[in-house]
Amino acid sequence: MSSVSEGPFLSSSVPLLTPNHRYATLLTDDGVPVEAVYEPCTAGFGARGSGPGDAVADTPAIVVAHGFTGSVDRPAVRRAARVFSQRAAVITFSFRGHGRSGGRSTVGDREVLDLAAAVAWARTLGHVRVVTVGFSMGGSVVLRHGALYTEESEARDASVRVPVRERRTGEHLGAHSDAVVAVSSPARWYYRGTAPMRRLHWVVTRPSGRFVGRYGFRTRIATDDWDPVPLSPVEAVPHIAPAPLLLVHGDRDPYFPLDHPRMLARAAGEGGAELWLERGMGHAENAADDALLARIADWATGPPPA
């Protein structure tokens, strides 16, 4: 479903990464090059393998999907990877239009193909269990990916499970996640109910805003409207089961109030999702402290919920 070329990235972030890390450029189903980094597990069950090819089948992998304007080398993403790598191998990557990845950001639409390429790479490296953890925009992407890429859809036509408008992906083999974690995710598209979201819509929809996005936030944003409008997170959630789903949201999130995670939890149905409402937490990876990240990693690498 994707091709991989491997080698070092030339970046000021390289000193943050250890020699055991593995770098790659993944090619998505629609031909976009995506930068990615693999980090072996540093402790516990991962200590058996020092890197790819070293009996990693029993080591879970966590694939991290960052928020809008993030990238593989942002401090909050690197911090999350460091905490997660104490319990699992970790793949971080930059969504299209971000960092050194190609293409332009579609703010949650075609990004599902970027995530699928990263998950498939984790499986080619030998990992049997792969968990996706997404923050904000990345949270909406892991929810849509969880609905579109399933073990069931690898055996037969994925269109059985999802609306016609989403039949735009390539081969699904190996691209499904075994569990999904969405942190600070929106429930619905076009939400403008908070001042930060109104500013974000200005960045995405106005030429002057996209100029700021490109030169102020290193984020290249597509100019075309969604066509068709992608499956929304709340529409995607019912299709994720039987994969376990964890929803994490702060009660001080300035972007998305608590009706968003509650709407997602209701859409998942009884027993379909676990919901953590975090007291005092703000938004996404920047607000997730080490203790919360460790709890997320424990959930992701532990036995599936009963």
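The values are calculated or read from the model by the stated rules, or taken from the named source; none is laboratory data. Only a predicted model underlies this, so the values are computations on that prediction, with no experimental measurement involved. Cβ atoms come from the backbone with ideal geometry, glycine included; neighbour counts cover every protein chain shown. Note: accessible area is taken over every heavy atom of the protein model, side chains too, but ligands, DNA and RNA are not part of it. Shrake-Rupley method; radii C 1.70, N 1.55, O 1.52, S 1.80 Å.
Things to note:
- Any hit, the stretch 280-303, residues being of a type outside the set (S, T, N, Q) and over 25 Å from Pro75 (Cβ atoms): yes
Residue-wise test of (1) more than 26 Å from Val203 (Cβ to Cβ); (2) among the hydroxyl-bearing types (Ser, Thr, Tyr); (3) surrounded by fewer than 24 Cβ atoms within 10 Å (Cβ to Cβ).
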residue	(1), (2), (3)
Arg104	no, no, yes
Glu111	no, no, no
Leu115	no, no, no
Ala118	no, no, no
Arg123	yes, no, yes
Thr132	no, yes, no
Val141	no, no, no
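- Condition broken by Tyr215, with the remaining ones in (1) touching a helix residue (DSSP H, G or I) at 6+ places or on another chain (Cβ under 7 Å); (2) assigned to a helix (DSSP H, G or I); (3) of a type in the set (Phe, Trp, Tyr) satisfied: (1)
- Test: residue in the stretch 236-253 that is in a helix (DSSP H, G or I) and of a type in the set (A, V, I, L, M, F, W, C): yes
- Exclusive hit being at pLDDT below 95 and open to solvent by less than 10 Å² (accessible area, probe 1.4 Å), set Gly46, Gly67: Gly46
- Residue pairs meeting the criteria (Cβ under 7 Å; at least 6 apart or on separate chains; first surrounded by fewer than 17 Cβ atoms within 10 Å (Cβ to Cβ), in the stretch 75-86; second of a type in the set (Asp, Glu) and in a loop (DSSP other than H, G, I, E, B)): none
- Taking the listed residues Asp253, Asp224, Asp289, the one that is within 28 Å of Val203 (Cα to Cα) and open to solvent by less than 30 Å² (accessible area, probe 1.4 Å) is Asp253, with no other qualifying.
- Flag for Val248 being more than 25 Å from Ala297 (Cβ to Cβ), within 21 Å of the chain's Cα centre (by Cα) and at pLDDT 95 or above: no
- Residue count for the stretch 80-104, restricted to those that are polar (S, T, N, Q) and touching a Gly at 6+ places or on another chain (Cβ under 9 Å): 3
- Failed item, numbered, when Met197 is tested on (1) out of contact with any helix residue (DSSP H, G or I) (no Cβ under 9 Å at 6 or more places or on another chain); (2) of a type outside the set (Phe, Trp, Tyr); (3) exposed (fewer than 15 other Cβ atoms within 10 Å of the Cβ): (3)
- Unique match (being in a helix (DSSP H, G or I), at pLDDT below 95 and not aromatic (Phe, Trp, Tyr)) among Ser140, Ser153: Ser153
- Count of residues meeting criterion [in contact with an Asp or Glu (Cβ under 9 Å, 6 or more places away or on another chain) and part of a loop (DSSP other than H, G, I, E, B)] in the stretch 258-272: 1
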